[in-house]
Amino acid sequence: MCLIATGGTAGHVLPALAVAEALRDRGARVTFAGSPARFEAKLVPEAGFEFDAFEVTGLPRKPGVAQVRASMRAAGAVRDCRQILKRRQPDVVLGGGGYVAGPMVLAAAGRRIPAALMEADAHLGLANRLAAPLAKRVFLSFPIPGRGGAKYRVTGRPIPASSRATLSKDDARARFFFEQGPVLLVVGGSQGARSLNELVVESFAEVGPQVLHLSGERDFQMVAARVARPGYRLLPFLHDLGTAYAAADLVLSRAGGSVWEVAASRRPAILVPYPFATADHQTKNARYFEQAGGAVTVPESELGRVPDLARSLLGDPYRLGEMGAAMGQVARPDAAEDIAEELIALAAARR
């Protein structure tokens, strides 16, 4: 039995659910734990897994009253996690990302339950850095300098079934009523990316390539009021994101962990890293795929380059094909399965 503690953002929860599905396919029982007021509290039960809630907040980086209060809540969270572990009796614990993972891994160490961690980005986050000494395995999406040896495994980021491009391009495009011609997919993440949303609607709302624009809920009405042509498909989000990848010739997005989904779909990308990401990890993510030949990185400060770059790439099918093949070369479509096998081995070693 495996208990997964994860949460905060869909970018943490969805890969953890992919691992849970791989474990369930192998006959393992899986439960989750996390915050009662974040994405995990909704997404986990919807996916058919049991969920235990406990209260915890992130640890502020600057010393002060807020940090003291967060530390006190963390101590209470560890007590709650011990009770969850006592009730669930897992053989292994996985910290799937987010600050909820730390207290659970600490509680697992106290009960001598083997624990593992997942890191989605090319930079080990604060919570994972603090918990890593207590973990038997740390599953990395990207190679990280100084993080080697038996403890660390570079697996790639687990991909949810809903984000896999299983349809043919023609069938996927039929879902969105696209005609012949190239398609630009714009994805800003579960919350959207305002600067990308504004740029794309300003550049392509009236004329340009066919566009499938997933704006996020926050900016949807703003973008919808400016779209003026039938070849521009606007949605706030899409549960079946794999269909969008399958329909696209080129993807424009931020450079969070979901770039692994783009790679698994073998789609070339223009990546605009979020400039305020911790330790600039999105730029590190983007450069990894750019160096492989599958993406072009555009800093936020040079956002104005994107429309002409997109037009140029969409007009060059040969280059798009080369970039898509390069993405496929570095993709790790079996990450969830690989992590599930490792977790089963850790659990077996405990018995």
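The values are calculated or read from the model by the stated rules, or taken from the named source; none is laboratory data. In this text, all values refer to a predicted model and were calculated from it rather than measured experimentally. Here Cβ is always computed from backbone atoms with ideal geometry, including for glycine, and neighbour counts include all displayed protein chains. Please note that ligands, DNA and RNA were not included when accessible areas were found on the heavy atoms of the full protein model with its side chains. Shrake-Rupley method; radii C 1.70, N 1.55, O 1.52, S 1.80 Å.
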- Task: Kindly list, by first and then second residue, each pair from a residue in the range 246-261 that is among the basic types (Lys, Arg) to a residue that is part of a helix (DSSP H, G or I), limited to pairs with Cβ atoms under 8 Å and residues at least 6 apart or on different chains.
- Result: ARG254/LEU196; ARG254/GLN282
- Mind checking whether some residue in the range 239-253 is under 20 Å from the mean Cα position of the chain (by Cα), small (Gly, Ala, Ser) and part of a strand (DSSP E or B)? yes
- Message: Given (1) at pLDDT 95 or above; (2) small (Gly, Ala, Ser); (3) open to solvent by less than 50 Å² (accessible area, probe 1.4 Å); (4) closer than 25 Å to PHE289 by Cα, identify the lone condition not met by SER168.
- Response: (3)
- Message: Can you tell me which residue is most open to solvent (accessible area, probe 1.4 Å) among those in the range 270-290 that are in a loop (DSSP other than H, G, I, E, B) and not aliphatic (A, V, I, L, M)?
- Response: PHE276
- Query: Residues in the range 40-47: is at least one assigned to a loop (DSSP other than H, G, I, E, B), within 22 Å of ALA340 (Cβ to Cβ), open to solvent by 20 Å² or more (accessible area, probe 1.4 Å) and at pLDDT below 95?
  - Reply: yes
- Task: Identify all residues within the range 171-198 that are among the aliphatic types (A, V, I, L, M) and open to solvent by less than 30 Å² (accessible area, probe 1.4 Å); write none if there are none.
- Result: ALA172, VAL183, LEU184, LEU185, VAL186, VAL187, ALA193, LEU196
- Task: Among the residues of the range 74-98, write down those that are open to solvent by 80 Å² or more (accessible area, probe 1.4 Å) and either closer than 11 Å to ASN128 by Cα or at pLDDT 95 or above (or both).
- Result: ARG82, GLN83, LYS86, ARG87, GLN89
- Breaking point among (1) open to solvent by less than 30 Å² (accessible area, probe 1.4 Å); (2) within 19 Å of ILE159 (Cβ to Cβ); (3) not β-branched (Val, Ile, Thr), for LEU238: (1)
- If we keep just the residues of the range 201-218 that are closer than 22 Å to ASP240 by Cα and out of contact with any Asp or Glu (no Cβ under 8 Å at 6 or more places or on another chain), which is surrounded by the fewest Cβ atoms within 10 Å (Cβ to Cβ)? GLU217
- Item | Residue list for the range 26-39, restricted to those being outside any loop (DSSP other than H, G, I, E, B), aliphatic (A, V, I, L, M) and open to solvent by 10 Å² or more (accessible area, probe 1.4 Å) | VAL30
- Does GLY58 satisfy the criteria of being at pLDDT below 90 and out of contact with any strand residue (DSSP E or B) (no Cβ under 8 Å at 6 or more places or on another chain)? yes
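Given the criteria over 25 Å from LEU14 (Cα atoms) and either open to solvent by 30 Å² or more (accessible area, probe 1.4 Å) or not in a helix (DSSP H, G or I) (or both), does GLY256 qualify? Working first, answer last.
Numbers: over 25 Å from LEU14 (Cα atoms): no; either open to solvent by 30 Å² or more (accessible area, probe 1.4 Å) or not in a helix (DSSP H, G or I) (or both): yes.
Taking the combined requirement at face value, the residue does not satisfy it.
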- Query: So which of ARG226, ARG267 is assigned to a loop (DSSP other than H, G, I, E, B) and surrounded by 24 or more Cβ atoms within 10 Å (Cβ to Cβ)?
  - Reply: ARG267
- Query: Assuming PHE237 fulfils every condition listed in (1) out of contact with any helix residue (DSSP H, G or I) (no Cβ under 8 Å at 6 or more places or on another chain); (2) at pLDDT 95 or above; (3) among the aromatic types (Phe, Trp, Tyr) apart from one, which condition is it?
  - Reply: (2)
